[in-house]
Amino acid sequence: MRKKLNLLLLLIIPWTFFAHTNNLIERNGHSKLSPKVTLQKEGIKEKCGTIQALIDFQKGIRRPRPTSGPKYIYTTHFIIHFDTIGNDATTRAFAETAAVHAELSWSELTALGWMMPPPDGSNGGDSRYDIYIRRISGYGLCYPESPSIYAITGLYPASHTSYVVINVSMSWGDLRATVIHEFHHGIQFGYSVAEWTGFYENTSTFIEDYFYDYVNYLQSMLRSTNEDPLDQPYQPICLSYINEYTGALWAHFLDEYYDASVDTRPLLRIWVLCGLHDGTYTFEDIDSILRLYYSSDLKKALGHYAIWRAFCGTVNDGRHYIEGTSYGDIQILRSHSSYPASGNEGTSAPIGPGGCNVISFTNFGNNRVTLNFDGQNGYDWACYVIGFCPDGNSYEYRIVLHPTQASGSITIPGVEFNKIFLIPVVTTFSAATPGLTYTYSVTLSSANKNIESEELIGDYVGFFISPNPTKNNLRINYFLPHNTKANLKIYNANGQLIKSSEIKSSDNTYIWNRTDNLGIKVPNGIYFVELKAENKTIKKKILLM
């Protein structure tokens, strides 16, 4: 996963965009279980009072605020309400620590461009944001309350004020993660309380992990439960109750793969549009942002998300999820080593949007491999093929499917690969898509390395930069479709081209030694790396120190 930017880099990111999200959510404590068990057994549903609070709120059921005080800590932006005696007893030190983390959360999220929660008038004492420390089930909750000034003026029609409640005691690591997680829900409610609930939790869990990667439980959740996007990849991106947390992997994908903007990150842009767009149009708004800024769309994103999940755990290649090695492997539906081979979805029928399977193939000899796919008619599908080379490299292909029959085939050089993944994925937007059926078959043909006459198409393009910021050489790890050439350019902060190179898919890595096209070392400052390939352009910011 992405490590947080250092303070210097945060400070140079201007506040140019605002964001939207709706949903009340609680940060739940998850034990690091082994072997894998269902989180349901930990009583997670009982701890998710926030989600239920939002459901109640959308039904018109309102909950009264906790009683004010009786003790307070006032900061620039917050009032911390607590008590040192009775059922809600905590310590002043705990309350002060919560206040420190609240102000830090305000500063960090403001630096990334998020709009802070709207003022709530005199509720809780004054217009500062209220955090109540009370004895509750779970770690923390955030409650929407009343239409905000942004709703009244029509800027964000579903914008609401909110307040946070956190439990009376927890470790310092859990406390800071809980505060930023729940406070981010308050930010989301400032944009809307009408969105698809799963995306709220995806985003806040991602935010928590982005800033406090070392205390977040996402990695242990992905390893300790069988209800997640890796053990149950056939599930939709996060519609189930538990997957709303482990579904932060979807938010990580959006942030890492589409981090192509100069100043504004993809999730932020998505939430902004959700806030401006009255009603529940989460899928449509994600699609619009991907089309507008990233030369992509939601269907492609769902397909690429399936590919990224396939590169977790022992399959991680360092070019997909930054911390993919710390996750478990994606569940393999079926493995084949003799041919011809065929099969179907079995008991793991993909459910849209984003539900997928991974079928593995090995033992091709000196042969070509033809893969055929036929998905259930009437739904949108994508089908990808990943070829793994003995040297650790990999290539992505896309099977071109018939627009109405959802069927197609591809032939690739099996002699080049020691393993192949077939990855069918549902790209239909509707959250109500049932488990879908499909069939596949694989055959080998006589040895022939030359398959240039075959239609080999890929649309998977991206790159990572490390380290960033840096004082020395910069490593750019990129991924391109098979047999693809691309242009990599580096610009200074004034938009002047200082370095241009042609790269090819077989290399995967480009090292920039901080020199321009004339070999002259460039000064410290902000630069932009631009990769153009397959009619797609990706640009990322770097900082040289």
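The values are calculated or read from the model by the stated rules, or taken from the named source; none is laboratory data. It should be emphasised that the depicted structure is a prediction, and the values quoted were computed from it without experimental measurement. When we count neighbours, we look across all protein chains shown, and the Cβ atoms used for this are built from the backbone with ideal geometry, even at glycine. The protein model used for the area step is the full one, side chains on, heavy atoms only, and it has no ligands, DNA or RNA in it. Shrake-Rupley method; radii C 1.70, N 1.55, O 1.52, S 1.80 Å.
So the values come out like this:
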{"quantity": "Potential extension, ASN123-ILE55 segment - 0.36 nm per residue separation minus Cα distance", "calculated": "22.2 nm"}
{"quantity": "Pairs beyond 28 Å (Cα-Cα), from LYS419/LYS504; LYS299/LYS471; LYS419/LYS499; LYS59/LYS300; LYS471/LYS504; LYS419/LYS489", "calculated": "LYS299/LYS471; LYS419/LYS499; LYS59/LYS300; LYS419/LYS489"}
{"quantity": "Largest-first ordering by accessible area, 1.4 Å probe, given options SER338, SER105, SER146", "calculated": "SER338, SER146, SER105"}
{"quantity": "Which of LYS299, LYS499 is most accessible, then next, and so on - probe 1.4 Å", "calculated": "LYS299, LYS499"}
{"quantity": "Contour minus Cα-Cα distance for SER430 and VAL415 (0.36 nm per residue)", "calculated": "1.4 nm"}
{"quantity": "Computed accessible area, PHE388, all protein chains, 1.4 angstrom probe, square angstrom", "calculated": "20"}
{"quantity": "Phi to ³J(HN,Hα) by Karplus 6.51 cos²θ - 1.76 cosθ + 1.60 over the range 73-80, Hz, x for Gly, Pro", "calculated": "10, 9, 10, 4, 10, 9, 10, 9"}
{"quantity": "Cα-centred dipole magnitude for the range 166-236, charges only on beta-carbon of K, R (+1) and D, E (-1), debye, nearest 20", "calculated": "140"}
{"quantity": "Nonlocal amide H pairs with THR161, under 5 Å, H built at 1.01 Å", "calculated": "GLU145, SER146, SER148"}
{"quantity": "Phi to ³J(HN,Hα) by Karplus 6.51 cos²θ - 1.76 cosθ + 1.60 over the range 406-420, Hz, x for Gly, Pro", "calculated": "6, 10, x, 8, 8, 10, 10, x, x, 4, 7, 10, 9, 7, 9"}
{"quantity": "Ranked by how many other beta carbons lie within 10 Å on average, peptides 486-495, 115-124, 201-210 from highest", "calculated": "201-210, 115-124, 486-495"}
{"quantity": "Förster radius 22 Å - calculated FRET efficiency between GLN496 and GLU284, Cβ distance, rounded to 0.05", "calculated": "0.05"}
{"quantity": "Spacing of the two label points (7 Å from each Cα toward its C-beta) at ARG135 and ASN524, in nm", "calculated": "5.3"}
{"quantity": "Distance in nm between pseudo-label sites at LYS504 and ILE149 (7 Å out along the Cβ direction from Cα)", "calculated": "6.0"}
{"quantity": "Stretchable slack from ARG475 to LEU292, in nm (0.36 nm times residue separation minus alpha-carbon distance)", "calculated": "63.0 nm"}
{"quantity": "The range 355-364 - phi-based ³J(HN,Hα) in whole Hz, Karplus 6.51/-1.76/1.60, Gly and Pro as x", "calculated": "x, 8, 10, 10, 10, 9, 9, 9, 6, 9"}
{"quantity": "Ratio of Rg to Rh over the range 69-194 (Cα coordinates, Kirkwood Rh, two decimals)", "calculated": "0.97"}
{"quantity": "Cα→Cβ-extended label distance, 7 Å offset, between ASN344 and ILE511, nm", "calculated": "5.3"}
{"quantity": "Cβ-based net charge around PRO157, under 15 Å, with every Lys or Arg adding one and every Asp or Glu removing one", "calculated": "-3"}
{"quantity": "For a label point 7 Å along the Cα-to-beta-carbon line of SER68, residues of the range 126-146 with backbone N under 20 Å", "calculated": "126-135, 143-146"}
{"quantity": "Relative contact order (%) - the range 279-406, alpha-carbon pairs under 8 angstrom, separation at least six", "calculated": "17"}
{"quantity": "FRET efficiency for THR443 and HIS402, using Cβ-Cβ distance with R0 set to 22 Å, rounded to 0.05", "calculated": "0.70"}
